[in-house]
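J.: Got a structure here, written out as structure tokens. Questions coming.
Every number here is computed from the coordinates shown, using simple stated rules; none is lab data. Keep in mind that what you see is a predicted model, and the values were worked out from it rather than measured. Quick reminder, even Gly has a Cβ in these numbers, built from the backbone with ideal geometry, and neighbours come from all protein chains shown.
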Amino acid sequence: MKRKYLIKTIAFILLSALLFSAPACGENEKPDDAGAGTEAAEEAAPATDPTTPEPTPEPTPRPTRPPPPVFEELVILDCATLDANKLGNKITLTDEDPAPGLASSWYSPGPGDVIFQAVFAPVDVTKGDYMTGAVKAWIWCDDLDGLGTGDTQFELCTKTNDAQENNWNWRDQINEVGWNAVYMPWDDARESDPEPDNSSLTYIRIYSVGRTANFKLGRVSIVPYGEIP
């Protein structure tokens, strides 16, 4: 009896030892694909040298614009005579200190809002490349404080009055006492309604509300855009 009991006890101890020493189901086991993603990523990533800078991308080239057309200057008014001055607005002809390259100029004493106005032979600026350029006017002033502070316009019109006009603000280009070259690109012209007929411009008016200074006007012409400083 004691012997059977001893055998059972020993068998129970051995069985318990085996059970507690065996790993649990699934313990320390890894699925076949465990770590496959990490290993693939490590293999795919190229080796980099932290001391080597990344190459600078090439800049995108800017599109090049063709140069503005070049053409011969088209004179609208040369102010060498008073033939074009048919409006009787107190303009006189003077040869004292004329505009550069000219022998004479028109003189308009202040005060008075309308500085110059005149009718001239019709001029067609739609031909060739004239309207890619700018209106250039030589304007002389003897007092920067007397330019005027109100509305101001330089007008080239189809009709012989304030209608069908191109107009520009010109006064901000009078920067010194004496002669100033004023450039007014056609692209900046404001057009009236109805629009002017630029194939038959025949009237000019320059005014500045509140002006008290004396003015001279030299040549008015159309020049290539590339001449603008």
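J.: Applying the Karplus parametrisation 6.51 cos²θ - 1.76 cosθ + 1.60 with θ = phi - 60° to the phi angles of region 94-100, what ³J(HN,Hα) value in whole Hz is obtained for each residue in order, glycine and proline being reported as x?
T.: Ordered by residue, 3J(HN,Hα) equals 9, 9, 7, 6, x, 5, x Hz.
J.: Hey, if you drop one equal point scatterer on each alpha-carbon of region 50-194 and run the Debye formula without solvent, what base-10 log of I(q)/I(0) do you get at q = 0.08, 0.11 Å⁻¹?
T.: Debye output, listed in q order: -0.32, -0.52.
J.: A further question on this structure: Considering all alpha-carbon pairs of region 71-130, what whole percent are spaced by more than 17 angstrom?
T.: So the portion of pairs separated by more than 17 Å is 49 percent.
J.: To the nearest 20 debye, what charge dipole does region 74-223 have about its Cα centre, counting +1 at the Cβ of each Lys and Arg and -1 at the Cβ of each Asp and Glu?
T.: Numbers: 11 positive and 23 negative charges, 64 e Å.
Once rounded to the nearest 20, the dipole reads 300 debye.
J.: Right, next: Roughly how many nanometres apart are two label points built 7 Å out from the Cα toward the Cβ at residue 163 and residue 56?
T.: Roughly 6.3 nm, to one decimal.
J.: Whole-Hz Karplus ³J(HN,Hα) for region 112-127, in order, using 6.51 cos²θ - 1.76 cosθ + 1.60 and θ = phi - 60°, x for Gly and Pro?
T.: x, 5, 7, 8, 9, 8, 6, 9, 9, 4, x, 10, 9, 9, 7, 6
J.: Can you pull the Rg over Rh of region 120-229, Cα-only, Kirkwood?
T.: Computed over Cα atoms, the ratio is 0.96.
J.: Also, I was wondering about something else. Obtain the nm distance between the two label points defined at residue 176 and residue 190 by a simple spin-label model: each point lies 7 Å from its Cα along the Cα-to-C-beta direction.
T.: So the two model labels end up 2.9 nm from each other.
J.: Quote to one decimal, in nm, the extra length available between residue 142 and residue 227 on full extension: 0.36 nm per residue of separation minus the C-alpha distance between them.
T.: Taking residue 142 through residue 227 to full extension adds about 28.0 nm, to one decimal.
J.: If you don't mind, there's one more thing I want to ask. For residue 214 and residue 94 in the same chain, what is the full-extension length gain: residue separation times 0.36 nm, less their Cα-Cα distance, in nm?
T.: On the way: separation 120, 0.36 × 120 = 43.20 nm, distance 1.28 nm.
The span from residue 214 to residue 94 would gain 41.9 nm if fully extended.
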